[in-house]
Amino acid sequence: MKTLTRNIEALGALLLAIIWISPLVFAFWAAFHTTSDAVNFNITSPWTLDNFRTAWAGAPWLKYFLNTFLLVTVILIGQFIVTTLAGFAFAQVQFPGRDFVFILVLMQLFILPEVLIVENYAMVSRLGLFDTILGVGMPYMASAFGIFLMRQAFKGVPIELHEAARVEGCGWVGILWRVYVPLARPTYLAYALVSVSTHWNNFLWPLIVTNSPDTRPLTVGLSIFGAPENGVDISVISAATMMSVAPLLIAFLIFQRQFVQAFLRSGIK
Amino acid sequence: MADHVSKERRRQAIYGWILLSPAAILLTTFAFYPSLATLWSSLFSRETRRRPSEFKGVENYTDLFADPTFWKVITNNLMYAGATVPISIAIALAMALWANSKIPARGFIRTAYFTPTVLPMIAAANLWLFFYTPGLGVLDQIGGLFGLPSVNWLGQPETALWAVIIVTIWKEAGFFMIFYLAALQTIPEDLKEAADIEGCSRWTYTRRIVLPLLMPTTLFIMVNALINSVKLIDHLFILTKGGPNDASKLILYYIWEMAFAFFDAPHAAAMTILVLVVLGVVAGIKFTILDKRTHYQ
């Protein structure tokens, strides 16, 4: 009886896994077959790379890849600088108004940048950053979540190390750079993974603030490429989709453990 | 001595604010100021070439309340939240319990559950398009095997919202599973042993011991899922564009449409404020009630 329920459960788990992965598998299949073969599910039909050729020729993908790459890099660098400084201030520096400001920062966890699109668009335009990669990235740099994460990491650093560095004659900057930052390396790694995958996948805000192939990230490019008005067929869309998710997906499959750890660390306060 | 202390204190205060200034400036520019500006512009009429904008009080809000599309969108979003939050939590819990037990092919199963999390919503929508397309799509083909007629899942008001909901659940369940997995691993083995000695069935053990211990995680996930039910709308752009007849339109999509397709910023601002109020309530509940109750974590 016990083994029976166990087997049923194992079967259920496997079935769910197959259902969960199937959209990806079907798209993979479609990407490598002609449209008619793809929709007829003829297992013996020949594989082809034509869809990728058509997709690649249909849009400036290389530019899109480069833009996305630049975008996630700019955001990550900005976030590292801003959240390190703020996290350190909240964790180790005593100053009046600290707790009040910290609550203000926490509030930003709920004022989603996605919701403020109208005024943020006006702001970015006013700053002359419309249709620039910096304009896409800037609203995300002072991430409340990142500040919170860094504060937690820095709070865990033993005060003795701080004191020792001070006795050795390190200034604030030195202490931060030589003691705190190296000790928080796992947090940085986790944060980097979460940040990169979030912004690699972000869509609505980049859609609003970009207006040319020179700044458009992959997600926006993909949505324009796949728009029904363009009349692209399902195999070619699948190929384009596969192409644009490949880097992150492959990285995920290789570094799966770190990825999952990163997400875990980011979610648990 | 006292002089020295106060000098040190002043120095710390200056350092503190210097360290904080980049974050403070950016947060003010892209979160606090825009929130206030949104509130402000929600009280004015739209600026046109012929008429400058003028103060209208709460008229934009009353316009919204009189707009049937607005209510349609609110109903849709409530259904969207009402379906995605509990279903994705339930699936995430089942996934975690399975992925944590000793079953064959566990590595594959975990990967399969989690993979949708790393895909962009836009890509996810493209993948599902292949499922939903009438005639050619996977769902229709499967239905065809059983002699069912072709269904235009995305093209009819009865199913469009559900098609969107399924994609969201597919996308977020694996993500929530991770939090449950982490929580499950903190439950001490002794409890399982004690339950075995007492002759508890696995079901009783899960219901009476595991689920209560997972409660803080469930609340945490619930808050995240609620926020996601406002935020996750990217797939609408690919799948339905809110149609047909607004049947699958969600609030954030409507805000976008209002501001960037109809160029009606004041009404978009009024809607934004309403969303912020709701998010504020969620935040308030989280910081007061939930954080107190989850203290034993």
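Details
- Selection status of B:Thr272, hydroxyl-bearing (Ser, Thr, Tyr), within 10 Å of another protein chain (Cβ to nearest Cβ) and either closer than 27 Å to A:Met123 by Cβ or part of a helix (DSSP H, G or I) (or both): yes
- Just one of the listed residues (A:Ala251, A:Ala240, A:Ala246) is touching a Gly at 6+ places or on another chain (Cβ under 9 Å) and modelled with pLDDT of 80 or more, namely A:Ala240.
- Whether a residue is within 10 Å of chain B (Cβ to nearest Cβ) and among the basic types (Lys, Arg) was assessed, and A:Arg53 does not pass this test.
- Boolean, B:Ala105 is within 7 Å of another protein chain (Cβ to nearest Cβ), over 22 Å from B:Ile187 (Cα atoms), of a type in the set (A, V, I, L, M, F, W, C) and in contact with a Gly (Cβ under 9 Å, 6 or more places away or on another chain): no
- Among the residues of segment A:40-51, those identified as surrounded by fewer than 19 Cβ atoms within 10 Å (Cβ to Cβ) and either under 30 Å from A:Val179 (Cβ atoms) or not small (Gly, Ala, Ser) (or both) are A:Asn40, A:Phe41, A:Asn42, A:Ile43, A:Thr44, A:Pro46, A:Trp47, A:Thr48, A:Leu49, A:Asp50.
- Conditions (1) away from chain A (no Cβ under 14 Å); (2) part of a helix (DSSP H, G or I); (3) more than 19 Å from B:Ile273 (Cβ to Cβ); number of the one not met by B:Lys7: (1)
- Residue within segment A:124-137 that is among the hydroxyl-bearing types (Ser, Thr, Tyr), modelled with pLDDT of 85 or more, farther than 19 Å from B:Ala23 by Cβ and part of a loop (DSSP other than H, G, I, E, B) present: yes
- Residue selected from segment A:13-39 under the condition of a type in the set (Ser, Thr, Tyr) and at the interface with chain B (Cβ under 9 Å from one of its Cβ atoms), by the criterion farthest from B:Leu119 (Cα to Cα): A:Thr35
Residue-by-condition table, conditions (1) within 8 Å of chain B (Cβ to nearest Cβ); (2) in contact (Cβ under 8 Å) with a residue 60 or more places away in the chain:
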| position | (1), (2) |
| --- | --- |
| A:Ile208 | yes, yes |
| A:Pro213 | no, yes |
| A:Pro217 | no, yes |
| A:Ala227 | no, no |
| A:Met243 | no, yes |
| A:Leu248 | yes, no |
| A:Ile254 | no, no |
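- Set side by side, the residues B:Pro116, B:Pro22, B:Pro34, B:Pro86 differ, and just one is in a helix (DSSP H, G or I) and touching a Lys or Arg at 6+ places or on another chain (Cβ under 7 Å), which is B:Pro116.
- Of all residue pairs spaced 6 or more apart or on separate chains, those with beta-carbon atoms under 7 Å, a first member in segment A:116-134 that is within 12 Å of chain B (Cβ to nearest Cβ) and a second member that is part of a helix (DSSP H, G or I) and of a type in the set (Ser, Thr, Tyr) are A:Leu116/B:Ser35; A:Leu116/B:Thr38; A:Leu116/B:Thr272; A:Val118/B:Thr38; A:Val118/B:Thr272; A:Glu119/B:Thr38; A:Met123/B:Thr29.
- Condition check for A:Leu149 on (1) modelled with pLDDT under 90; (2) touching a Leu at 6+ places or on another chain (Cβ under 7 Å): one failure, at (2).
- Elements of type helices (runs of 4 or more DSSP H) contained in segment A:1-72, each with 2 or more residues being modelled with pLDDT of 90 or more and touching a Phe, Trp or Tyr at 6+ places or on another chain (Cβ under 9 Å): A:2-31
- Condition broken by B:Gly57, with the remaining ones in (1) in a helix (DSSP H, G or I); (2) out of contact with any helix residue (DSSP H, G or I) (no Cβ under 9 Å at 6 or more places or on another chain) satisfied: (1)
- If you check B:Gly143, B:Gly135 for being loosely packed, with under 15 Cβ neighbours inside 10 Å, in a helix (DSSP H, G or I) and free of Cβ contacts under 8 Å to residues at least 24 places away in the same chain, only one passes: B:Gly143.
The values are calculated or read from the model by the stated rules, or taken from the named source; none is laboratory data. None of the values given here were measured: they were computed from a predicted structure. So basically every Cβ, Gly included, is an ideal-geometry build from the backbone, and we count neighbours across all protein chains shown.
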